[in-house]
Amino acid sequence: MTERATETPEPGMVLRTPRGRVFRFDPGALCLELLLTSDPGGLPWTYETLREPADLVRWAAESRLPDGLPLVVGDEELERARVLRGALWRMTRARARGEELAPADTQVVNEVAAAPPLVAAVAPSGERVWAPGATGSALLSTVARDAVELFTGPNAHRVRECEAVECALHFVDTSRPGRRRWCAMGRCGNRHKVRAHRARTALPGDGAGRAEGEA
């Protein structure tokens, strides 16, 4: 489940685990934010949040897209969003592991990107607004075009997957040294620190160095 990150100006989305733990995660790209609507990795806490068209509208409002998008989504567009999401997840995992992208997946992205994208406009007040008539197809085209920019651009080699074995989150490593290892320090990063500390300080046979489950 996601919530709009409005508490602070920090980038990213606020995620909530099935056990209710909240943490902030910035995947670094719009197309990777779509992956947060499910867990294609098949982990025990698998979830699906795109169950009806309204869910895709809600995701768009929670994403890094500017506010005020007057979006209308149909059932076919919702299904297309799931197909695009699957292709993006496989492409992201392949890129993070230094593997070739599957032609079937790139074809999905290219076909979706070929549709007209969302259009911005200027209001009489001078503010940036969205042009009326925004559809689910236009939203998905914008997401797919963002993916094209990511996978062919300068950050393509910085697509990462969290190093925690029980995490399937992917992100663009925008840190200067390019050594980001975890989805978020408030989640897997801190858990790794706790485990490493316990492993260093544990006495033989006391079990204190065992991996800690998610709180």
Q: Work from the charge dipole of segment 115-178 (Cβ charges, +1 for Lys and Arg, -1 for Asp and Glu, about the Cα centre) and give the residue of 123, 159, 170 farthest towards its positive end.
A: 123
Q. Residue 50's amide H: which non-local residues (gap 5+, or another chain) put their own amide H closer than 5 Å, with H modeled 1.01 Å from N in plane and none for Pro or chain starts?
A. none
Q: With θ set to phi - 60°, apply the Karplus curve 6.51 cos²θ - 1.76 cosθ + 1.60 along segment 163-174 and write out the HN-Hα couplings as whole Hz, x wherever there is a Gly or Pro.
A: 7, 5, 5, 9, 10, 10, 7, 10, 7, 9, 7, 9
Q.
Going by amide H atoms built from the backbone, whose H comes under 5 Å of the H on residue 135, apart from near neighbours?
A. 72
Q) What residues qualify as long-range amide H neighbours of residue 180, i.e. H under 5 Å apart, gap of 5 or more or another chain, H built at 1.01 Å from N? A) 175
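At a 1.4 Å probe radius, which order do 75, 173 fall into by accessible area, largest first? Walk me through the numbers on the way to the answer.
Numbers: 75 115, 173 0 Å².
Putting 75, 173 in descending order of accessible area: 75, 173.
What is the local net charge at residue 174, summed over the other residues whose Cβ is closer than 12 Å to its Cβ (Lys, Arg +1; Asp, Glu -1)? If you can, show how the numbers build up before the last one.
Details: positive: 158, 160, 176, 179, 180; negative: 26, 173.
After counting each charged neighbour, the total is +3.
Taking the Cα centre as origin and putting +1 on Lys and Arg beta-carbons and -1 on Asp and Glu beta-carbons, what dipole magnitude results for segment 17-121, to the nearest 20 debye?
Numbers: 13 positive and 16 negative charges, 100 e Å.
For segment 17-121, the charge dipole is close to 480 debye.
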Q. Mind listing the phi-derived Karplus ³J(HN,Hα) values for segment 126-137, rounded to whole Hz, using 6.51, -1.76 and 1.60 with θ = phi - 60°, and x for any glycine or proline?
A. x, 7, 7, 10, 8, 5, x, x, 5, 10, x, 5
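Once neighbouring chains are kept in place and the probe is 1.4 Å, which whole percent of the accessible area of segment 98-176 is contributed by carbon and sulfur? Don't skip to the answer; put the middle values down first.
Working: 2400 of 4290 Å².
In segment 98-176, the share of accessible area belonging to carbon and sulfur is 56 percent.
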Q) Considering the dipole of segment 45-95 built from charges on the beta carbon (Lys and Arg +1, Asp and Glu -1) around the Cα centre, which of 91, 49, 71 is farthest to its positive end? A) 91
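The values are calculated or read from the model by the stated rules, or taken from the named source; none is laboratory data. Please read these numbers as outputs of a predicted model, since none were measured by experiment. Here the Cβ is made from the backbone with ideal geometry for all residues, glycine too, and neighbour counts use every protein chain on show. These accessible areas exclude ligands, DNA and RNA; they are computed on the full protein's heavy atoms, side chains included. Shrake-Rupley method; radii C 1.70, N 1.55, O 1.52, S 1.80 Å.
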